[in-house]
Amino acid sequence: MGAIFSLFTQGVTLGFSAAASPGPFQAFLFARAARHGVRRTLPLTLAPLVSDVPIVAVILLALSRVPEGFLRALEVAGGALLIWMAQGSWRAAGAAGSGAEPGSGEGAGSFLQAVVVNATGPGPWIFWSTVCGPILAEAWRAGVPRALAFLIGFYGLLVGGKAVLVVAFGLAGRIGPRTARGLGLASAAAMAVMGALQLWRGLSGR
């Protein structure tokens, strides 16, 4: 039981660290919260439970770093996607200031977008290949309960932490319509910056 609790604690610690780390997925969540509200955005925090499945599988099979060329291709694809979605969020934030209803015309594809954004960002690949992968591989060899304890702790804090950040962001936006519009524009700009940075890193290899 001591080993299981230790792995659970490690998962909680690393999950909290991953949730607090800024990145493309966090910028995406903030932009969606500003555009569609907290209630519609909270389900998107579950996206890592889907997007991380192939990542974890690849890392556990390879037990080494993701090839550099593959990681760079992911960065380019993810950066371009973020910039494209930031344009829509920017236009929606501007329309909100003129009385248009935010969130109109959006369908069920938002969760798929969240999955793609998280899967194409370099963060999960690097984090799992350098930190979580070796821990999970060792726990798996020691027994399935230990591996499950680590995964439950990690994703419980990762998803829960992202949800708390989304709620905090939404509460800040209730100060007034101008503040909400400003937060929407700022989050869209942040998502565009993250996309441009990710695109530059992928193309330059830095």
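The values are calculated or read from the model by the stated rules, or taken from the named source; none is laboratory data. Here the structure is a predicted model, which is why all the values come from computation and not from measurement. Virtual Cβ from ideal backbone geometry, glycine too; neighbours counted across all protein chains shown. Keep in mind that these areas ignore ligands, DNA and RNA; they rest on the heavy atoms of the full protein, side chains included. Shrake-Rupley method; radii C 1.70, N 1.55, O 1.52, S 1.80 Å.
Structure above, values below:
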item: Proximal charge balance of ALA47 [Cβ under 12 Å; K/R count +1, D/E count -1]; result: +1
item: Label-point separation in nm, ARG178 to ALA80, each point 7 Å along Cα→Cβ; result: 4.1
item: Net length gained if the chain between THR9 and GLN87 were fully extended (0.36 nm per residue, minus Cα distance); result: 24.1 nm
item: For PHE16, solvent-accessible area (1.4 Å; no DNA, RNA or ligand), Å²; result: 130
item: Full-extension gain in nm, VAL131 to LEU112, via 0.36 nm per residue minus C-alpha separation; result: 4.2 nm
item: Cα-only radius of gyration and Dmax that characterise region 1-53, units Å; result: 14.2, 45
